[in-house]
Amino acid sequence: MAAAITLHATAASSSSPASNRHGDTDRMPLAVDIVGIVNVAAAVLGFLAIAGLVVIAARPDRDREREDEARAHYDRHGSWPED
């Protein structure tokens with residue numbers, strides 16, 4: 001039993017590539033945080049883009065309204081209104 005504990009302790013403290021394969025895990029949470037921040041920023045920008053398109057689409061089209069009024073005037077009077 002003591003030999004197994006000594007062997008395990010020796011293997012854990014060796015500097016071979018196999019034992020140090022997962023030793024650089026301190027950077028993983030930072031990378032995950034950065035990816036999360038980028039995902040949230042992309043979601044917010046996407047939401048704002050869609051909201052902007054909805055606002056643009058919902059605006060009244062004043063040129064079209066003026067054109068419709070001019071056509072109605074033409075239909076009633078037979079001439080285009082003076083600008």
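Every read-out reported here was derived from the displayed coordinates using simple, explicitly stated rules and does not represent laboratory data. This one's a predicted model, so the numbers in the text were calculated from it and none came from an experiment. In this analysis, Cβ positions are derived from the backbone assuming ideal geometry, glycine residues included, and neighbour counts consider all displayed protein chains.
Calculate the dipole size of the range 28-83 relative to its Cα centre from +1 charges on Lys and Arg beta carbons and -1 charges on Asp and Glu beta carbons; express the result in debye to the nearest 20.
In debye, rounded to 20, the range 28-83 gives about 240.
Which whole-Hz ³J(HN,Hα) couplings does the range 47-64 yield from phi under the Karplus relation 6.51 cos²θ - 1.76 cosθ + 1.60, θ = phi - 60°, glycine and proline marked x?
Each residue of the range 47-64 in turn: 4, 5, 5, 5, 4, x, 5, 5, 5, 5, 5, 8, 5, x, 8, 5, 4, 5 Hz.
Just going by the charge dipole of the range 28-83, with Lys and Arg at +1 and Asp and Glu at -1 on Cβ, which of 42, 70, 80 is farthest out on the positive end?
42
Quote the Stokes-Einstein diffusion coefficient, in whole µm² s⁻¹, for the range 28-83, based on the Kirkwood radius over alpha carbon pairs, a temperature of 10 °C and a viscosity of 1.306 mPa s.
Stokes-Einstein gives a translational diffusion coefficient of 103 µm²/s.
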